[in-house]
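The values are calculated or read from the model by the stated rules, or taken from the named source; none is laboratory data. Note that the structure is predicted; figures quoted are calculated from it, not measured. No Cβ is skipped: glycine too gets one built from the backbone with ideal geometry, and neighbour counts run over all protein chains shown.
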Amino acid sequence: NYGQKSVEMDGSIMEGGGQILRVTAALSCINGASIRIHKIRAGRSTPGLRPQHLSGLELVRDICCGNLEGGTVGSTEVTLTPGKIKAGKHTADPQTAGSVGLLLQVSLPCALYADGPSELCLKGGTNADMAPQIDYTIKVFKPIVEKFGVHFDCDLRMRGYYPKGGGEVVAKVNPVSELSPVTMTERGTITKIYGRSFVAGVLPYKLAKDMATTATRVIRREIKDLYINIQTLQEKDMACGSGNGIIIIAESSTGCIFAGSALGKKGVYADKVGFEAAEMLLRNIRHNGCVDEFLQDQLILFMALANGTSRIRTGPVTQHTQTAIHVAEQLTQAKFTVTKAEDENASNDTYIIECQGVGVTNPHF
């Protein structure tokens, strides 16, 4: 555990929210170093742990047979004392529409260092605001993180929407002996654009059509020569509650994957939802990076743990990414550098994030 016995982390710095908790808890679990996080979500309108954050911390505690102090909703200070990471079945259920994708974000890295395969049963919101939709996790995050040598299956059993939740995803994770570094510096050309526009519950199918039509029209203005295939769906049996949303994915000739997504809200026209998702996708293609703004920060932890140097070309470096780098450098010996990309394909906003990973090895292999 790099000679660290107990570490303090200020939960109010930088991004100052759930992300600090997730990166810190996962690294504490993997390092076997006890961690105290204080001032949790101090600047938020409802400070302290929300049910989904608590659920994530409890999940990590269970995976590493650890001890969690201060683990109550509203708590602004917790101490996680990890034990040995163990394989098997682990369940997390915040009993809200808290994001299933974020529960996976905190638990997946831990399960990689277990003594055998793990099954993570994650409940809550699968398509929730302010968090990666489960479609993003499966279609964008999964294939890219697998480049590090990660192998997991994601079985989407039930979709759940705000405010009810009720969604369920089962992730089966294989352990690794160590992670390999990844280089993604060539963007290539966009070769494929596809997506899914959905309504669930009581909402009319027309909304799905309207979101898809607007999104397609917006993308066509900029990318004229590609067939854009956005499926429209009405979810009946597979959904708990009502919701609507869209995710559009672009793939490049070099295997880069980008996405834009949006969820409907009460009183927001469907075409506005489609427009928002399309604009988000285009924004993430324009900067000529190899990952979109939402994948950036999710890869930092894996870069830090990998054995060797990773280099990833990105657009503007987000605050979430800066926060993840800060936490990773505090809790491991990984070294990150962020430099402006200077090649002929670079825009003003193209960067290279480089990391000398520490090569954490799984003691069970």
Review point. Across region 327-340, what is the total count of residues that are farther than 16 Å from Asn31 by Cβ and crowded, with 18+ Cβ neighbours inside 10 Å?
Key: 1
Check your understanding: Within region 76-110, restricting attention to residues that are of a type outside the set (Gly, Ala, Ser) and in a strand (DSSP E or B), which residue is farthest from Ile40 (Cα to Cα)?
Key -> Lys89
Check your understanding: If you check Thr314, Thr309, Thr318, Thr350, which single one turns out to be free of Cβ contacts under 8 Å to residues at least 60 places away in the same chain, assigned by TED's automatic domain parsing to the domain that holds Ile138, touching a strand residue (DSSP E or B) at 6+ places or on another chain (Cβ under 8 Å) and of a type in the set (Ser, Thr, Tyr)?
Key -> Thr314
Practice item. Run Ile228 past the list (1) buried (at least 16 other Cβ atoms within 10 Å of the Cβ); (2) closer than 26 Å to Leu108 by Cβ; (3) out of contact with any Phe, Trp or Tyr (no Cβ under 7 Å at 6 or more places or on another chain); (4) not charged (D, E, K, R) and report the number of the one that doesn't hold. Key: (2)
Check your understanding: If you scan region 318-352, which residues turn out to be farther than 21 Å from Val106 by Cα and not in a strand (DSSP E or B)?
Key -> Ala341, Glu342, Asp343, Glu344, Asn345, Ala346, Ser347, Asn348, Asp349, Thr350
Practice item. Just one of (1) buried (at least 24 other Cβ atoms within 10 Å of the Cβ); (2) closer than 24 Å to Ile13 by Cβ; (3) not aromatic (Phe, Trp, Tyr) trips up Pro51, so point out which. Key: (1)
Review point. Quick one: is Thr76 in the same structural domain as Gln319 (by TED's automatic domain parsing) and out of contact with any Pro (no Cβ under 7 Å at 6 or more places or on another chain)?
Key: no
Point to revise | Residue among Tyr194, Tyr161 that is surrounded by 15 or more Cβ atoms within 10 Å (Cβ to Cβ), within 17 Å of Glu251 (Cβ to Cβ) and of a type in the set (Ser, Thr, Tyr) | key: Tyr194
Practice item. Could you tell me whether Pro363 is modelled with pLDDT under 95 and assigned to a loop (DSSP other than H, G, I, E, B)? Key: yes
Point to revise | Residues (within 18 Å of Thr318 (Cα to Cα), part of a helix (DSSP H, G or I) and among the aliphatic types (A, V, I, L, M)) located in region 9-54 | key: Ile20, Leu21, Val23
Study note, to complete from the structure: Among strands (runs of 3 or more DSSP E) entirely within region 111-220, at least 1 residues that are of a type in the set (Gly, Ala, Ser) and in contact with a His (Cβ under 6 Å, 6 or more places away or on another chain) occur in none
